[in-house]
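Peer 1: Quick one: structure below, then a few questions.
Laboratory data are not the source of any read-out in this text; all were calculated from the coordinates shown. It should be emphasised that the depicted structure is a prediction, and the values quoted were computed from it without experimental measurement. For neighbour counting, all protein chains shown are included, and Cβ atoms are generated from backbone atoms with ideal geometry for every residue, glycine included.
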């Protein structure tokens, strides 16, 4: 195996596949990064067996040559050292060569690295996904779907299914839903006609996979092709394949959690609410719950407050756009509320309460595609 | 106590005094931040008893009003919460008020914090420094003196005196010297006539104090006045007093460590050398010593190399400007060499060797104010 490659392109690809590589894996060869030189370009692979990422650097694209002098072959290199080496090489091009004894030489300018490689034949074969269940999403939309839901997955393993995001097809809409049983985040988007052939109805994608995917996807990329099988999901962009296992088990039915009626509705400015709650929670930082109180006042005023007996207390007064319905006193986690407000893609927010003991709903004022739900805390 | 203050000015001052405040102090009130309202402005104080920092915000300066409605008084506030509160307040001005029960109210816009304060009378009195031993240095020069030496102080407490930087007056020059007994960093500058009255000849300033001072000093400030007493040193800028204790004991005489003759002299480009050594050390990262080898070659070439049997090896070839004297093979800590090269304030560097077992010297090519010395490692 041998090739000469542009360092910057190699660096980008290495950083992408590194997101799948963990130093704490039970399969030793997976601590390595697989390099495959083909006549049409270079393919890098990283995997921790839950997530596998392939990144391809074409020999030539749009008239720009990225790889030259290709002699096909493949090798696995220790992922611990390779990214730093590539980043710090002195020249814009890098020559990488592997011999029959699995010795790898990396040359750039006056710099020459000799590394011990591993046999690429010992690297696990990634499953080829054969599926008709494919559809496309614009990259920025997929990133939003992830950002507006994934923070609400459970971080404890007591109910493993809740550590994933439920991706669900229903009435020609695609739903992303996450809940840790104290709060719920969801986003739905209409799907094009072309997707009516899809066979899957509901899968659960590990939250960790979506977080890593979100880091790799660049807004400038046009679209992502998503393919689903029984136990795996593939996200494919022009040069990247991102493969994740799916979580086993049935995701709980969440629609019954969402109250259909409300007793108090608060309309407000998203940023003002967010900043007031942030300040109100400052003194409660260390207490596990980080609870703040919200109280409606006369003349569309809201009071948000918290009390930490040893330190002091905070009272925030702010004006709502309007308040409809009954007076309200309610307590909730400041962190959950801030997470939810950050996911609201709008300057104005609508919060619907059904009494101090019932879950409440946060939505953008002008659409119902985003829904955030929080269970209150009993303090009154 | 009461005053209304510009939030940005208050924030800057709070961040400065916070550098002296530690949550792990044996004197509980020192976890607090002292606020003193005087007719001419507001003084903040933080201290961990090794370092004390006072920052002053004048009532008015250059026609700009920073503080209004001052009612003199003082209070001590929990430093843990105060910086975040100030940073996140909604308006540009902040009102701070303390009552007789040590209750403090912080108001800004619709935001109101009530904090429990502590009696300022219980806060330790900072020593007033009475000394004639004062001199001034330009701020950027003092920052350079610190940056070019402080990294070489010892981080282990076996010889506490080596955890400090030796500041020494000699032949109308000011010397900063640091050594951990494996390497030495020094910088000397000529002093003006006006400083010939100074009585101190040698003091040792804790490395930690200088690191914190360096963070606080801004290049835009004109100059720093330095005052020395037997066991304390005061750095004074327009609005900041930075007081540090000095280390007890005699600093070792270091001049005899510096070889007076050399057998091999290498002239090279600082950045090229730095980057080559950085790469050569990549594979040796985890070994405690992180040793690289340097070898002179024909035609003014240098080879820098390292070998980590399990991972591989690196060979870096680079051209020196010129090499004078004997051929040389020498091994040394890559980290020490990189620290030293970063302290060289010049594109070109001169390295003087006296054989593979003797300390060697790194200097800028055109001046002898900066001297870095490193003890080699025996491997050949």
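Peer 1: With N set to the number of residues, divide the alpha-carbon radius of gyration of the protein assembly as shown by 2.2 N^0.38 Å and report two decimals.
Peer 2: Details: Rg = 32.3 Å, N = 760, 2.2 N^0.38 = 27.4 Å.
Normalised by 2.2 N^0.38 Å, the Cα Rg of the protein assembly as shown equals 1.18.
Peer 1: Taking the simple approach of a point 7 Å from Cα along Cα-to-Cβ for both residue A:197 and residue B:119, what is their distance in nm?
Peer 2: 8.3 nm
Peer 1: How far is residue B:324 from itself in the other copies, in nm, if each label sits 7 Å out from Cα along the Cα-Cβ line, shortest first?
Peer 2: Sorted ascending, the copy-to-copy spacings read 8.8 nm.
Peer 1: Kindly put B:266, B:203 in sequence by how many other C-beta atoms sit within 10 Å of each C-beta, fewest to most. Don't jump to the answer; show the numbers that get you there.
Peer 2: On the way: B:266 24, B:203 21.
Fewest-to-most ranking of B:266, B:203: B:203, B:266.
Peer 1: If I take every Cα pair under 8 Å that is 6 or more residues apart in chain A, average their sequence separation and divide by the length, what percent do I get for the relative contact order?
Peer 2: Relative contact order comes out at 13 percent.
Peer 1: Here's another thing I want to ask about it. Over the range B:71-137, what relative contact order in percent results from Cα pairs under 8 Å that are six or more residues apart?
Peer 2: 29 percent
Peer 1: Neighbour counts of other C-beta atoms within 10 Å: give me A:149, B:264 arranged from fewest to most.
Peer 2: Details: A:149 26, B:264 19.
With the sparsest Cβ surroundings first, the list reads B:264, A:149.
Peer 1: Could you grab the relative contact order for the range A:134-245? Cα pairs under 8 Å, six or more apart, rounded to a whole percent.
Peer 2: Once divided by the residue count of the range A:134-245, the mean separation gives 29 percent.
Peer 1: Only helical DSSP H runs with n ≥ 4 go in: add -39500 (n - 2.57) per run for chain B, normalise by residue count and round the 222 nm mean residue ellipticity to 500 deg cm²/dmol. Walk me through the numbers on the way to the answer.
Peer 2: On the way: 6 runs with 59 residues, N = 380.
Using -39500 (n - 2.57) per qualifying helix, the result is -4500 deg cm²/dmol.
Peer 1: Please give the FRET efficiency for residue B:49 paired with residue A:39, using the beta carbon to beta carbon distance and R0 = 51 Å, rounded to the nearest 0.05.
Peer 2: Details: r = 70 Å, r/R0 = 1.37.
Given R0 = 51 Å and the Cβ-Cβ separation, E is 0.15.
Peer 1: Run the quick spin-label model on residue A:84 and residue B:218: label points 7 Å from Cα toward the beta carbon, then report their separation in nm to one decimal.
Peer 2: Distance between label points: 3.7 nm.
Peer 1: Give me the inter-chain shielding for B:311-321: mean count of other chain Cβ atoms within 10 Å, whole number please.
Peer 2: 5
Peer 1: Taking the Cα-to-Cβ direction at residue B:367 and at residue A:26 and moving 7 Å from each Cα, how far apart do the two end points lie in nm?
Peer 2: 6.2 nm
Peer 1: Report the full-extension gain for the segment residue B:156 to residue B:170: residue separation times 0.36 nm, less the Cα-Cα distance, to one decimal in nm.
Peer 2: 2.2 nm
Peer 1: If you don't mind, another one. For residue B:2, which inter-copy label distances result when the label point lies 7 Å beyond Cα on the Cα-to-Cβ vector, reported in nm to one decimal and in ascending order?
Peer 2: The answer, with the shortest distance listed first, is 8.4 nm.
Peer 1: Shifting gears a bit: Could you work out the mean count of beta carbons from other protein chains within 10 Å of each residue's beta carbon in A:111-122? Could the numbers behind the result be given before it?
Peer 2: Details: counts 10, 7, 10, 7, 6, 6, 1, 0, 0, 0, 0, 0.
That average works out to 4.
Peer 1: May I ask you to derive the FRET efficiency for residue A:182 and residue A:103 from their Cβ-Cβ distance with R0 = 41 Å, giving the value to the nearest 0.05?
Peer 2: On the way: r = 54 Å, r/R0 = 1.33.
With a Förster radius of 41 Å, E is 0.15.
Peer 1: What's the FRET efficiency of residue B:92 with residue B:208 using the Cβ-Cβ distance as r and R₀ = 30 Å, to the nearest 0.05?
Peer 2: Details: r = 35 Å, r/R0 = 1.16.
Efficiency, from the Cβ-Cβ distance: 0.30.
Peer 1: For chain A, what is Rg from Cα atoms divided by 2.2 N^0.38 Å, rounded to two decimals?
Peer 2: The reported ratio for this selection is 1.20.
Peer 1: A further question follows. In nm, what does the list of distances from residue B:256 to its counterparts in the other copies look like, shortest first, when each label sits 7 Å along Cα to Cβ?
Peer 2: 8.7
Peer 1: Follow-up question, since we're still on this one. What's the exposure ranking of B:36, B:310, going from fewest to most Cβ atoms within 10 Å?
Peer 2: Going from sparsest to densest Cβ surroundings: B:310, B:36.
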